[in-house]
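Right, one structure below, let's go through it.
Just so it is clear, none of the values below were taken in a lab; they were calculated from the coordinates. Owing to the predicted nature of the structure, the values given are computational and were not obtained by experimental measurement. Every residue, glycine among them, receives a Cβ derived from its backbone with ideal geometry; neighbour counts consider all protein chains shown.
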């Protein structure tokens, strides 16, 4: 009672709002798990830890700091990694993969906030410590946010733009008070989307430079060895402070994690066949159907598994860089998109295995596909609805489909008509503008599969007199050019969740258009899109949230910033039989950080 009175008195004296500490926070509604939960439902709480796993990736690395602009896309995997886990660096809270967007305690033992989400206070776990044994403190949290503001890359450098005051309210408590730029997702981004770094072991002066010096973290692993561009090995920290925390039970099950780098996917697959790599996620239906006739599969030493997550399709497609003059007009983008003969490509390249994507949130209630705009959507769109063709509002729009012959003249005529609206006509066999300049562009690709798709599009555009070149580059060049927006067209995948939020600002927001390192690959700067992102971020009810995302989906589809390709309603993964997994698959699909080595006795 004396402690409670003291806390209340401190709050009144300091002018801080009083809130009840909670164990978890959700973007919409309440956390599904109670305060006394023991573990996430998709883990094996009784797993025997030990053994090792070897992951494989295509690319290279020359850096161990994932939070700076230099080499941001050539940082060693595993440091801060949504696929393999945050092995070295941790955030204040942990996200459950079995709920749309819910966070539970990690470095922060409890959280305090108000209904308006005008502030959030993190009360650090007294057991939280760095790998050198020193405690994680409020000073570390404040130091991290200031350091990333000054020397970090997007999106970490922007976190404090939404904060009017960051203050230490106790040795282990930090409060963030938000300004009018913040939205209802901002507290969750602060909690989950930002790493926490040790003040006593971080060199501020050299932080923005690439480094191969292993950093100090609070995570479950330390770096054991590094061969730049080839291999990085992590070893378990036996003194990891959170190994018995409910949000970490059943995670981090290997004594050693190796990540091997390969120049090509074909080489990576050969390594999997030989047992040098333990996991192989497969995204090619033809490869998945035909490439596994080898001894390890026949003997059961390798296992193929299909998972069906309950999440939106996302969007894979050719992305127009609208910073380039030839793509500034929406009619031109639509015309080029219409000319792409997906049906021919799907039949010829993939044996008809793929489904054409019609929405950024297809296969979920957030999608606008085949659904007329509701009264609430129209209200949110406001004047923007008058700019949308009626088919986008009444739910009848479909991505143009051909007859699959590769010679659909009807589809090509539609493309020509759209290009004419954009100022291009065919003269002497060349699609040219009024000054006689031929419509031309380069598609930059990374892999042979991307190159095949680019050739298919090039084939469709050639009869229209459009000059398309294709350049396949290595991973390092691709990353450096995309950071600088130095391309005409690229192929990109935009993942979609059941809780889209601040990541949309980086992908499609006007502020991100000219920020190098952002994900606004298309160069979009549209006030209507900005406004709809704001509606998504500030929605208080599930109904308003759904209406805002659907309206936003209509704007993105109608903008023709992307030539939609395909999606698969499944996740395909091959694994060595020694690697086992829990029976339950969560909402977001399989989770590698909760798998384990069954050879451990």
Helix 265-274 sits at what angle to the longest principal axis of the chain, using alpha carbons and giving 0 to 90 degrees rounded to 10? 60
Please report, in cubic angstrom per residue, the volume enclosed by the convex hull of the alpha-carbon atoms of segment 406-488. 100
How far is helix 330-339 tilted off the main Cα axis of the chain, in degrees rounded to 10, range 0 to 90? 70
Quick one: which of 395-406, 544-555 comes out on top by average Cβ neighbours within 10 Å, and what's the full order, highest first? 544-555, 395-406
For a quick protection proxy, order the peptides 454-460, 43-49 by their average other-Cβ count within 10 Å, most packed first. 454-460, 43-49
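Relative contact order for the chain using alpha-carbon pairs under 8 Å, separation at least 6, rounded to a whole percent?
20
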Quick check: pseudo-label points 7 Å beyond the Cα along Cα→Cβ at residue 244 and residue 378, how many nm apart are they? 6.1
Taking 2.2 N^0.38 Å as the expected size of a compact globular protein, what ratio does the Cα radius of gyration of segment 87-220 give against it, to two decimals? 1.01
Per residue Cα convex hull volume in Å³ - calculated over segment 323-566: 128
Report the convex hull volume per residue for the chain, counting only C-alpha atoms, in Å³. 155
Rounded to the nearest 0.05, what FRET efficiency do residue 32 and residue 405 have when you use their Cβ-Cβ distance and R0 = 51 Å? 0.55
One quarter of the convex hull surface, Cα atoms only: what value does that give for segment 430-559 in nm²? 9.6
For a footprinting-style exposure proxy, rank 81, 394 by other Cβ within 10 Å, fewest first. 394, 81
Using the Kirkwood radius over Cα pairs, work out the Stokes-Einstein diffusion coefficient for segment 310-357 at 37 °C and 0.692 mPa s, in µm²/s as a whole number. 257
Using only helices, what value at 222 nm comes out for the chain when you add -39,500 (n - 2.57) per DSSP H run of length 4 or more and divide by the total residues, to the nearest 500 deg cm²/dmol? -7500 deg cm²/dmol
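Between residue 538 and residue 164, what's the calculated FRET efficiency when r is the beta-carbon distance and R0 is 30 Å? Round to 0.05.
With a Förster radius of 30 Å, E is 0.95.
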State, as an integer percentage, the relative contact order of segment 323-566 based on alpha-carbon contacts under 8 Å between residues 6 or more apart. 27
Return the Rg/Rh value of segment 332-418, two decimal places, where both radii are evaluated on C-alpha atoms and Rh is the Kirkwood radius. 1.04
For a quick protection proxy, order the peptides 263-269, 288-294, 535-541 by their average other-Cβ count within 10 Å, most packed first. 535-541, 263-269, 288-294
Along principal axes, largest first, the alpha-carbon spread of segment 513-601 in whole Å comes out as 59, 32, 26
